[in-house]
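The values are calculated or read from the model by the stated rules, or taken from the named source; none is laboratory data. Everything numeric here is computed off the predicted structure, so don't read it as measured data. All Cβ positions, even for glycine, are placed from backbone atoms using ideal geometry, and neighbour counts span all protein chains on display.
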Amino acid sequence: MKKPLIFLFVLFIQFVNSQELALVKKNGKIGYITKDGNFKIEPQYKSAKSFSEGLAAVEDNGKWGFIDAKGTWVIPATFKDTKEFNSGIAVVQKDKDWVYINTKGEVQTPPPTEKLFDFNDGVAFIRQGKKVGLINSKMAIVLEPKYDQIKSFENGYARVENNKKWGIINTSGKELVEPVYDEIGNYFKNTTWARKDKTFGLVSSGNFIVVDGADKIWDFETQDLTYARKGGKIGFIDIKGNWTILPIYDKAKAFSKNLAPVCIGSKWGYINPKADFIIPPTYSDAEVFSTNGLAPVKEKNWGFINESGKLVIPTQYGITANSFVIALFVQQDKGFIDGIARVKNEGKWGFLRPDGTVLSNQWFENAELFSKSKERNIVSEVAAEKPKAETKPAAKSETKPATKTATKPVAKKKK
């Protein structure tokens, strides 16, 4: 009688846990903290960058490589310089040349291009002669070079220019708005604002809808209202091009949570879509509301109010966009982001919770926004099976070109 056959196999299970980490500098060294305020990676690096797609670039003895969320070297420090990962690809300087690598550190060869550009939304520019096209992360051409300029992709859409006329494409290279306009905005719900000669309007379904009297229109953000200028004053239009709030304000910013900051004279307050002042104009500056219902407002310094206008965090902080510069209005970079606000106090940087407490009660010499990281854990299990019969057991701008000196391929749009 034959003995039954026992088949052994090893089962590998991979768990991927996403965690947000923030780069901070303490006592001259850089480390990474979690949202509970504890150090995930203790301060130990002289130079380092924020996490992107689970990897962070750090410097070691004058060379750059990448670590994971446990601080383990995933790609050895052999590069002269690096940029962050996006769409699974990073631009790095190897010896004197800039090259693409994947998350395993393997060099990727693109189609012929005069410069290497950062990936964003799954694509990157290629330039051949005076024309620009697109490639994907597999280094295949998505769009043959045909435009004079392509601006950075935003939410899957980019502005393109030929012969000083502008249109819109998506990441597949499909032309959604023909480049026939003298100026054009972002793409929001199949609509964009545009300018023909001196006339401003909205483009929807291929039609140009004139906005009565407008001499400037700003991008739509999160709601079907955006601000526009007429006769030197700011009001609001809807996504069909109608003036829903008359242009009577000196300045304005985007609606969020059905409230928009507006300025009369030198004071800022908040109105609702009916143009009622919900929060009177008493502040020297104001920003949009975050999803948690708090908005930055400024007296001498910055604090935070709730939707009823109550000051819930005192005006004693500095707030910042990326690179620690309070620049032009960028909604996603100011105030509370995913429940945490980055602020400055007495020359130090820290993170506020919505209740006004400081994360881990710590202040740092430097701090960056939280960004996603990943942890991978491999679990092996030996399984035994007795078969009935003999059977076999069952891989971010804005966009910049990578050259010796990083210069932008196209000018950044101004609002």
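On the given criteria, is residue 295 buried (at least 18 other Cβ atoms within 10 Å of the Cβ), closer than 15 Å to residue 355 by Cα and at pLDDT 95 or above? So residue 295 passes the test.
Of all residues in region 327-345, which are closer than 23 Å to residue 252 by Cβ, at pLDDT 90 or above and basic (Lys, Arg)? The answer is none; no residue qualifies. Here's a check for you: in region 167-183, which residue that is of a type in the set (Val, Ile, Thr) and in a strand (DSSP E or B) is farthest from the chain's Cα centre (by Cα)? The residue in question is 180. Scanning region 272-322 for residues that are within 25 Å of the chain's Cα centre (by Cα), closer than 17 Å to residue 222 by Cβ and not aromatic (Phe, Trp, Tyr) yields a total of 10. Among the residues of region 181-188, is there at least one that is under 17 Å from residue 210 (Cα atoms) and among the aliphatic types (A, V, I, L, M)? Taking every residue of region 181-188 in turn, at least one turns out to be under 17 Å from residue 210 (Cα atoms) and among the aliphatic types (A, V, I, L, M). Just one residue in the set 352, 369 is in contact with a helix residue (DSSP H, G or I) (Cβ under 9 Å, 6 or more places away or on another chain), at pLDDT below 95 and closer than 30 Å to residue 300 by Cβ; that residue is 369. For the subset of region 196-218 comprising residues that are under 27 Å from the mean Cα position of the chain (by Cα) and surrounded by fewer than 17 Cβ atoms within 10 Å (Cβ to Cβ), which member is farthest from residue 248 (Cα to Cα)? Among those residues, the one meeting the criterion is 204.
Restricting the search to strands (runs of 3 or more DSSP E) fully inside region 212-276 and requiring at least 2 residues that are in contact with a Lys or Arg (Cβ under 6 Å, 6 or more places away or on another chain) and under 21 Å from residue 200 (Cβ atoms) gives 243-249. Of the set (1) under 21 Å from residue 289 (Cβ atoms); (2) crowded, with 20+ Cβ neighbours inside 10 Å, all apply to residue 238 but (2). Within region 143-166, not a single residue is among the small types (Gly, Ala, Ser), under 22 Å from residue 288 (Cα atoms) and under 22 Å from the mean Cα position of the chain (by Cα).
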